[in-house]
Amino acid sequence: MATQSSYYVPEQSRLPIFASIGLFLTVFGAANWINDGDAYIFFFGALMLAAVLWSWFAIVIKENMEGRNSNQLKRSYVWGMGWFIFSEVMFFAAFFGALYYIRTFSLPWLGGVGDRASSNMLWPGFEHSWPLMITPDAAAHGDAAKVVGPKALIDPWHLPLINTLLLLASSVTVHIAHVFMKKGQRNGFNLWLTATVILGTAFLVLQVEEYMEAYQHLGLTLESGIYGTTFFMLTGFHGAHVTLGTIMLLVMLLRSIIGKHFTPNDHFGFEAASWYWHFVDVVWVGLFIFVYVLGG
């Protein structure tokens with residue numbers, strides 16, 4: 001049993017190296033899959049990473065339940081989660097920055113506008129517009145074979161608006177769940193956290209439906225010029241984060257229902273998941289405004 005003034009140091013573990021291998025295989029497999037390769041490497045890496053994280057978190061939970069985590073170690077968890085969310089902020093800031101740079105600088109320069117208008121010499125006759133559905137080369141030379149633009153853009157006031165309302169509602173429900181936990185009312189916590197998981201799942205279902213509509217009916221794909229690339233890059237990565245956040249909240253719910261974990265003064269696992277969920281919600285609001293509403 002660690003005293004409150006000590007810092008518990010866990011035993012050496014092979015889990016970090018297995019996590020690194022699993023993460024590498026996941027990223028490498030995803031790149032291979034996108035480039036018309038097999039998906040086996042991606043799924044094997046993802047399964048390996050999930051198994052490592054499951055084992056790792058189980059050890060951390062066991063240590064906390066046994067009282068081995070000191071106050072100093074718990075503070076390190078808070079800082080660790082804070083820096084992780086900050087890294088995610090920078091991750092999405094890079095993609096939002098790329099979208100802003102393309103729309104505000106690159107396309108006008110290629111179209112002969114601005115202080116670097118000489119870039120227009122590369123594709124004379126190209127006129128910039130947003131959303132850009134084709135490559136400057138195809139636009140400048142009238143190569144119809146390279147024109148892969150969609151028939152229409154996604155209506156922001158249909159599925160995207162519904163998804164926005166779902167995520168905003170989920171931020172409210174997860175906050176209410178937190179309030180019940182701090183009051184020690186487990187039944188209320190379980191009820192409102194269940195509602196949050198349902199809302200997150202509904203968001204993902206509608207996101208899949210939106211992608212199917214974009215590919216099958218609108219012709220909006222990853223090959224639809226820079227617009228299609230940025231659209232699916234931003235919304236796709238956000239969807240992956242919603243998936244991860246939903247799984248995190250589901251695990252917290254099962255821990256509460258089955259294991260009776262968490263107390264009003266010791267529930268950082270849930271708090272960390274709720275912080276992540278609020279972050280995901282804020283990112284979606286930015287996506288809805290800058291990609292859907294202002295991006296068309």
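The values are calculated or read from the model by the stated rules, or taken from the named source; none is laboratory data. Predicted model, so just to flag it, every value in this text is computed and none were measured. When we count neighbours, we look across all protein chains shown, and the Cβ atoms used for this are built from the backbone with ideal geometry, even at glycine. Quick note on the areas: whole protein, heavy atoms, side chains included, nothing else; ligands and nucleic acids left out. Shrake-Rupley method; radii C 1.70, N 1.55, O 1.52, S 1.80 Å.
Looking only at Cα atoms, what is the convex hull volume of segment 181-251 per residue, in Å³?
81
Accessible area, 1.4 Å probe, largest first: how do W33, W275, W123 sort? Don't skip to the answer; put the middle values down first.
Numbers: W33 115, W275 95, W123 65 Å².
Greatest to least solvent exposure: W33, W275, W123.
222 nm [θ] for the chain, helices only, -39500 (n - 2.57) per DSSP H run of 4+, per residue, to 500?
On the way: 9 runs with 193 residues, N = 296.
So the calculated ellipticity at 222 nm is -22500 deg cm²/dmol.
Go through S70, S76 and list them by solvent-accessible area, largest first, probe radius 1.4 Å.
The ranking, largest first, comes out as S76, S70.
Just want to confirm a number: the relative contact order over segment 174-293, from Cα pairs under 8 angstrom separated by 6+ residues, in percent.
31
Quote the FRET efficiency, to the nearest 0.05, computed for L206 versus L244 with a Förster distance R0 of 25 Å and r equal to the Cβ-Cβ distance.
Values: r = 18 Å, r/R0 = 0.70.
So, using R0 = 25 Å, E works out to roughly 0.90.
Roughly how many percent of the accessible protein surface of segment 70-293 is carbon and sulfur, given a 1.4 Å probe and a whole-percent answer?
69
To one decimal place, what orientation-averaged projected area in nm² is obtained for the convex hull of the Cα set of segment 12-68?
Seen from a random direction, the Cα hull of segment 12-68 projects 3.9 nm² on average.
Based on a Kirkwood Rh over C-alpha pairs, give the Stokes-Einstein translational diffusion coefficient of the chain at 4 °C and viscosity 1.567 mPa s in µm²/s.
59
What's the lysine pair count for the chain at a Cα cut-off below 22 Å, pairs eight or more apart or interchain?
8
So how do 47-60, 245-258 stack up, highest first, on mean other-Cβ count within 10 Å?
Highest-to-lowest ranking by the protection proxy: 245-258, 47-60.
What is segment 122-274 by shape, rounded, prolate or oblate, if you read a ≥ b ≥ c off the alpha carbon gyration tensor as root eigenvalues and call it rounded for a/c under 1.5, prolate for a/b larger than b/c, and oblate otherwise?
prolate
Could you give the nm distance between label points at W79 and L161, where each point is 7 Å from its Cα heading toward the beta carbon?
About 4.7 nm separates the two model spin labels.
Please compute the per residue accessible area over the chain with all protein chains in place, 1.4 Å probe, rounded to a whole number of Å². Each step should come with its number before you reach the end.
Values: 16710 Å² over 296 residues.
For the chain, the solvent-accessible area averages 56 Å² per residue.
Which of the listed residues, I247, G295, G37, is farthest toward the dipole's positive end in the chain, when Lys, Arg count +1 and Asp, Glu count -1 at the beta-carbon?
Ranked along the dipole, the leading option is I247.
If DNA, RNA and ligands are ignored and the probe is 1.4 Å, what is the ranking of S87, S171 by accessible area, most exposed first?
S87, S171
Keeping all protein chains in position, work out how much accessible area T243 exposes to a 1.4 Å probe, and write it in Å² to the nearest 10.
60
Quick check for me: using +1 on Lys/Arg Cβ and -1 on Asp/Glu Cβ, what's the dipole size of the chain about its Cα centre, in debye to the nearest 20? Could you put the intermediate results ahead of the total?
On the way: 14 positive and 18 negative charges, 232 e Å.
The calculation lands at about 1120 debye.
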